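See structure below.
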Amino acid sequence: MKTLVMIPCYNEEENIERVVGRLARVCPDVDYLIINDCSTDHSREICDKNGFSYISLPVNLGIGGGVQSGYLYAVENGYDITVQMDGDGQHDPAYLKALIAPVEAGELDMSIGSRFITKDGFQSSALRRLGINIISVLIHMLTGKKVRDTTSGFRACGRALTEFYAYNYAQDFPEPEAIVAAVCGGYRVGEVPVVMEERMGGVSSIRSFKSAYYMIKVCLSLVVYRMTCGKRIRRKS
């Protein structure tokens, strides 16, 4: 199937060449699109120098707006499967085929790459794992769906969910909220085991001293999102 790998990029000058290079070596038959979210470093210059496929947003939209731009691009260009893969090098394209498989087979609408099934590779800090577990429990309470790796940005979607996200994507805490939106919209969500790596370079958008605050905010946001998701969701007119 025609597949697009979306790579959100904000100040990833230390990583983006290696990320695209590894993707091209391992999965040369897929298309990719770097979504440069108004980076203030040399990310755009690196994309130009290497002839990378990218779009550059005129203003910084954050991870939610950036990824939604990718979904819109996928819809407009007729892609069957979209894959979100972070630009920091944590996601190994060697698992791309396994991630896509249940979507390609029609078993899932969204397949999430989870580091917590086999518990191999980089597992994040203890504080972040605690927060992810709490978010997992909350999502299960709100939707009845059990998802272990709720903040994983390594995920594949089929055509129907791609179009849904192109017009209904969460902005504040997109990874967990996107799960709630998909389940509430009647889409099938599941996980496949992957092994993740530590960030190659640069700085994460979620700093360690903010993790507890982030967890509280995302939990409140999920509750509000679940209560209002029927009003938020809209189809393409």
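Taken together, the values in this text are just the output of simple stated rules run on the coordinates, not laboratory data. The structure displayed is predicted, hence computed values, not measured ones. Virtual Cβ from ideal backbone geometry, glycine too; neighbours counted across all protein chains shown.
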Kindly write out, for the stretch 26-40 in residue order, the coupling ³J(HN,Hα) from the Karplus curve 6.51 cos²θ - 1.76 cosθ + 1.60 (θ = phi - 60°), rounded to whole Hz, with x marking Gly and Pro.
7, 10, x, 8, 10, 8, 9, 9, 7, 10, 7, 8, 6, 4, 9
Among SER53, SER111, SER152, which one moves the most in a GNM of the chain with springs linking Cα atoms closer than 10 Å?
SER53
With an 8 Å Cα cut-off and a minimum separation of 6 or more residues, compute the relative contact order for the chain in percent.
24 percent
Gap separating the Cα centres of the stretch 77-125 and the stretch 1-72, nearest whole Å:
17 Å
Considering only ILE112, ILE55, ILE216, give the residue with the highest GNM mean-square fluctuation for the chain, with springs between Cα atoms whenever their separation is below 10 Å.
ILE216
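Considering only DSSP beta bridges with both partners in the stretch 3-232, what is the antiparallel share in %, to the nearest 5?
On the way: 7 of 26 bridges.
Of all bridge pairs located within the stretch 3-232, approximately 25 percent are antiparallel.
Grab the other residues whose beta carbon is less than 11 angstrom from that of MET6, score K and R as +1, D and E as -1, and report the net. Kindly include the intermediate steps, with their values, before the conclusion.
Numbers: positive: ARG155; negative: ASP31, ASP86.
Residues close to MET6 contribute a combined charge of -1.
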Non-local amide H neighbours of ARG155 (under 5 Å, H modeled in plane, Pro and chain starts lacking H): which ones?
GLN84, GLY113
Taking a ≥ b ≥ c as the square roots of the eigenvalues of the Cα gyration tensor of the stretch 110-162, is the shape rounded (a/c under 1.5), prolate (a/b larger than b/c) or oblate?
oblate
To the nearest 500 deg cm²/dmol, what mean residue ellipticity at 222 nm is calculated for the chain from DSSP H runs of n ≥ 4 alone, each contributing -39,500 (n - 2.57), summed and divided by the residues?
-13500 deg cm²/dmol
If the limit is 26 Å between Cα atoms, which of LYS97/LYS146; LYS146/LYS217; LYS119/LYS146; LYS97/LYS119; LYS2/LYS217; LYS49/LYS119 go over it?
LYS2/LYS217; LYS49/LYS119
Environment charge at THR40 (Cβ cut-off 13 Å; Lys +1, Arg +1, Asp -1, Glu -1):
-4
What list of ³J(HN,Hα) couplings, whole Hz, do you get for the stretch 176-182 from phi and the Karplus terms 6.51, -1.76, 1.60, once you set θ to phi - 60° and write x for glycine and proline?
x, 5, 5, 5, 4, 4, 5
Using only the C-alpha atoms of the chain, find the volume of their convex hull and express it per residue in Å³.
120 Å³
For the stretch 1-130 the mean separation of alpha carbon contacts under 8 Å (6+ apart) over residue count, i.e. relative contact order in percent, is 31 percent
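Taking 0.36 nm per residue of sequence separation and subtracting the Cα-Cα distance, how much length would be gained by fully extending the chain between LYS217 and TYR167, in nm to one decimal?
Working: separation 50, 0.36 × 50 = 18.00 nm, distance 2.37 nm.
Between LYS217 and TYR167, full extension yields an extra 15.6 nm.
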